[in-house]
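A quick write-up on the structure given underneath.
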Amino acid sequence: MSRECAEHDGINLGQGICDQPVEPIIKAAAAEAVHQDRSTYSPFEGIAELRQCIAAKMQAYNGISCDPDTEVLVTVGATGAFVIACLSLIEPGDEVILFSPFYGYHRHILELCGARLRYVDTLPPDWHFDPERLQSMFNERTRAVIVNTPSNPSGKVFTDEENRQIARLCQQHDVFAITDEIYEYILYGDAVHRSIGALEGMEDRTITISGFSKTYSMTGWRLGYLVCQRALAERLGVINDLLYICAPTPLQHGVLAAFDLPARYYREMQQGYDRKLEMMTSACDAIGMRSFQPQGAYYLLADLGELPFEDDIAAASGLLERARVASVPGSSFYPEPEAGRRQLRFCFAKQEQDLVEACRRLREAFA
Ligand SMILES: Cc1ncc(COP(=O)(O)O)c(C=O)c1O
């Protein structure tokens, strides 16, 4: 869709890239690191100062205690963290539980590792799941469950009760939780972010993944991290070294400045996304789509409603041709593509003027 969008000179609400500018203090710190020739490999686990900041944030925001020297790894994006977590835990044929709709990279990285995927549906409008269905997916072959909260594409934020259900099953069946919490600072209404790794009994069986791409609008910097118990972190560190050697060193120095940003930064980011969600929702309403309100992240999944297209693929092409706005067909987020045949996903993490223009084009073409 991104390629086709470029060909149509469209506005890309497809791919999950946020194109807002990076905060000046972070850019200045990265530039300074480049000028100071901090250009060599860092330790594979990342520079010490950054690991200390991450450990302090994990304690304060996520309620997870970790040793910055032995239980934190700086990775090549949250994606790099997910890759090394999967490679180190999963043997071909192991079963892994994935909630649907899912983030495509999760599915495909797991498949690359030879995992057998067992899906648990989350259902609109609130994206709940059936606890009995979840329980029925656990057996002696289950190695891991993937928890993406807030979730891409649905915006689901797992509740305390849901986290506890998952944690109980992980402990009963000796299963790991691999979490992806990259959207942890983007939350709507009364949603609260909770990390499953903070629950009692989950300390030794959770790999908690997050990163800088989304919170600081730096998807191209490729900086993320994970925390987990020491023995596991040692294994994961070796794989991180083998695959990547380390995350980009000057940018690790740069992103240290992110930890100096005041609470106002997060508040204003949230207010910006509140406004953009509202804008996107009202454009969808105006063209007869039925959107499912997210609890977090920056995507809007919407039913085609009254749009004059027979399915998601035709709708995505139609929106691009007639409104020059790109979206993602819903079928790509489900194990059975039919489940998403009437859905499109819009990413609203765009510069305000681009989002205003995209919404105007949608209204002009379809309202
Ligand atoms: C759920 C989720 N995890 C991870 C990523 C990518 O993170 P990173 O840029 O840190 O690799 C994305 C990007 O869209 C995402 O939606």
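What are the pairs with Cβ atoms under 6 angstrom where one residue, in the stretch 123-137, is farther than 12 Å from Pro101 by Cβ and the other, located anywhere, is polar (S, T, N, Q) and surrounded by 13 or more Cβ atoms within 10 Å (Cβ to Cβ)? Sequence gap at least six, or different chains.
Pairs that qualify, where the first residue is farther than 12 Å from Pro101 by Cβ and the partner is polar (S, T, N, Q) and surrounded by 13 or more Cβ atoms within 10 Å (Cβ to Cβ), are Pro131/Gln165.
For the list (1) surrounded by fewer than 18 Cβ atoms within 10 Å (Cβ to Cβ); (2) within 15 Å of the ligand (Cβ to nearest atom); (3) among the β-branched types (Val, Ile, Thr), I need the number of the one condition that Val192 fails.
Checking Val192 against (1) surrounded by fewer than 18 Cβ atoms within 10 Å (Cβ to Cβ); (2) within 15 Å of the ligand (Cβ to nearest atom); (3) among the β-branched types (Val, Ile, Thr), the one that fails is (2).
Of all residues in the stretch 2-35, how many are part of a loop (DSSP other than H, G, I, E, B), away from the ligand (no atom under 14 Å from the Cβ) and surrounded by fewer than 20 Cβ atoms within 10 Å (Cβ to Cβ)?
5
Consider the stretch 217-238. How many of its residues are within 16 Å of the ligand (Cβ to nearest atom) and either among the aromatic types (Phe, Trp, Tyr) or over 21 Å from Val147 (Cβ atoms) (or both)?
Total satisfying the criteria: 8.
Does any residue of the stretch 86-96 turn out to be more than 16 Å from the ligand (Cβ to nearest atom), in contact with a Ser or Thr (Cβ under 9 Å, 6 or more places away or on another chain), of a type outside the set (S, T, N, Q) and in contact (Cβ under 8 Å) with a residue 60 or more places away in the chain?
Going residue by residue through the stretch 86-96, those that are more than 16 Å from the ligand (Cβ to nearest atom) are 88-95.
Filter again for in contact with a Ser or Thr (Cβ under 9 Å, 6 or more places away or on another chain), leaving 94-95.
Narrowing the set further to residues that are of a type outside the set (S, T, N, Q) leaves 94-95.
So of that shortlist, the ones also in contact (Cβ under 8 Å) with a residue 60 or more places away in the chain come out as none.
No, the conditions are met nowhere in the stretch 86-96.
When Phe102 is evaluated against the numbered criteria (1) outside any helix (DSSP H, G or I); (2) within 16 Å of the ligand (Cβ to nearest atom); (3) open to solvent by 30 Å² or more (accessible area, probe 1.4 Å), which criterion, by number, is the only one it fails?
(3)
Give Thr208, Thr142, Thr122 a once-over and let me know the one that is over 21 Å from Ile64 (Cβ atoms) and within 16 Å of the ligand (Cβ to nearest atom). Can you show your working first?
On the way: Thr208 fails: over 21 Å from Ile64 (Cβ atoms); Thr142 fails: within 16 Å of the ligand (Cβ to nearest atom).
That would be Thr122, the only listed residue that is over 21 Å from Ile64 (Cβ atoms) and within 16 Å of the ligand (Cβ to nearest atom).
The values are calculated or read from the model by the stated rules, or taken from the named source; none is laboratory data. Predicted, not measured: the structure shown is a model, and the values here were computed from it. A quick note on method: Cβ atoms are made from the backbone with ideal geometry, for glycine too, and the neighbour counts reach across all protein chains shown. Note: areas computed on protein heavy atoms with side chains; ligands, DNA, RNA excluded. Shrake-Rupley method; radii C 1.70, N 1.55, O 1.52, S 1.80 Å.
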